[in-house]
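Shown next, in structure tokens, is the structure this report addresses.
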Amino acid sequence: MKNDNNIGFKLTPQRLAILSYLDGNKDHPSAEDIYNVISRVFPTMSFATVYNTLDSLKKRGGITELTIDPDKKRFDPNTEPHHHLICVRCRRIVDVHIGFDLSLPALHNTEGFEITGNHIEFYGVCRECKKSSG
Ligand code: ZN
Ligand code: MN
């Protein structure tokens, strides 16, 4: 029985659970975060299932992989261009939906590159972490 869809893999209940967890998720979860949540419902699910599902989604442009967290890759189901702010203590990541004029000056030598995008990483300490540091 074929159960393929436009995501490019069989939609098992585990994968559906991963997709629905990601849908509208603004927490920028890591693969470990997703595994910890979904394996509560599907205890036999392997970490590889999460990893492979994220990899397929990424390759098809369904999610963006963020490298702003030095500890682990984080994933963003919002693939519209936007910037990010990370708490350097707890690694909470929030969206920055402000457009910046970041075109390179005409004088800058781009060595023939056609610029297709940019991503700004802001660093800081979140409200909760500021509180707990007294
Ligand atoms: Zn924090
Ligand atoms: Mn985001």
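Scan the stretch 100-119 and give yes if some residue there is free of Cβ contacts under 8 Å to residues at least 12 places away in the same chain and either of a type in the set (V, I, T) or within 16 Å of ligand 1 (Cβ to nearest atom) (or both), otherwise no.
Checked the stretch 100-119: at least one residue is free of Cβ contacts under 8 Å to residues at least 12 places away in the same chain and either of a type in the set (V, I, T) or within 16 Å of ligand 1 (Cβ to nearest atom) (or both).
Can you confirm whether the stretch 37-44 contains a residue that is surrounded by 14 or more Cβ atoms within 10 Å (Cβ to Cβ), in contact (Cβ under 8 Å) with a residue 24 or more places away in the chain and within 15 Å of ligand 2 (Cβ to nearest atom)?
no
Given the structure, is T53 away from ligand 1 (no atom under 16 Å from the Cβ), in contact with a Lys or Arg (Cβ under 7 Å, 6 or more places away or on another chain) and farther than 25 Å from I120 by Cβ?
yes
Report whether or not R91 is surrounded by 11 or more Cβ atoms within 10 Å (Cβ to Cβ) and free of Cβ contacts under 8 Å to residues at least 24 places away in the same chain.
yes
A quick yes/no check of all residues on (1) acidic (D, E); (2) out of contact with any helix residue (DSSP H, G or I) (no Cβ under 6 Å at 6 or more places or on another chain):
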site: E32; (1), (2): yes, yes
site: V50; (1), (2): no, no
site: V94; (1), (2): no, yes
site: N109; (1), (2): no, yes
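Taking F75 as meeting all but one of (1) surrounded by 13 or more Cβ atoms within 10 Å (Cβ to Cβ); (2) at positive phi, write down the number of the exception.
(2)
Given the criteria in contact with a strand residue (DSSP E or B) (Cβ under 8 Å, 6 or more places away or on another chain), surrounded by 12 or more Cβ atoms within 10 Å (Cβ to Cβ) and modelled with pLDDT under 95, does H82 qualify?
Spelling it out, it is not the case that H82 is in contact with a strand residue (DSSP E or B) (Cβ under 8 Å, 6 or more places away or on another chain), surrounded by 12 or more Cβ atoms within 10 Å (Cβ to Cβ) and modelled with pLDDT under 95.
Would you tally the residues in the stretch 53-68 being surrounded by 13 or more Cβ atoms within 10 Å (Cβ to Cβ), free of Cβ contacts under 8 Å to residues at least 40 places away in the same chain, farther than 18 Å from I98 by Cβ and touching a Ser or Thr at 6+ places or on another chain (Cβ under 9 Å)?
1
What strands (runs of 3 or more DSSP E) lie completely within the stretch 25-134 and have 1 or more residues being of a type in the set (A, V, I, L, M)?
64-66, 83-87, 93-96
The values are calculated or read from the model by the stated rules, or taken from the named source; none is laboratory data. Quick caveat: nothing in here was measured; it's all calculated off a predicted structure. For neighbour counting, all protein chains shown are included, and Cβ atoms are generated from backbone atoms with ideal geometry for every residue, glycine included.
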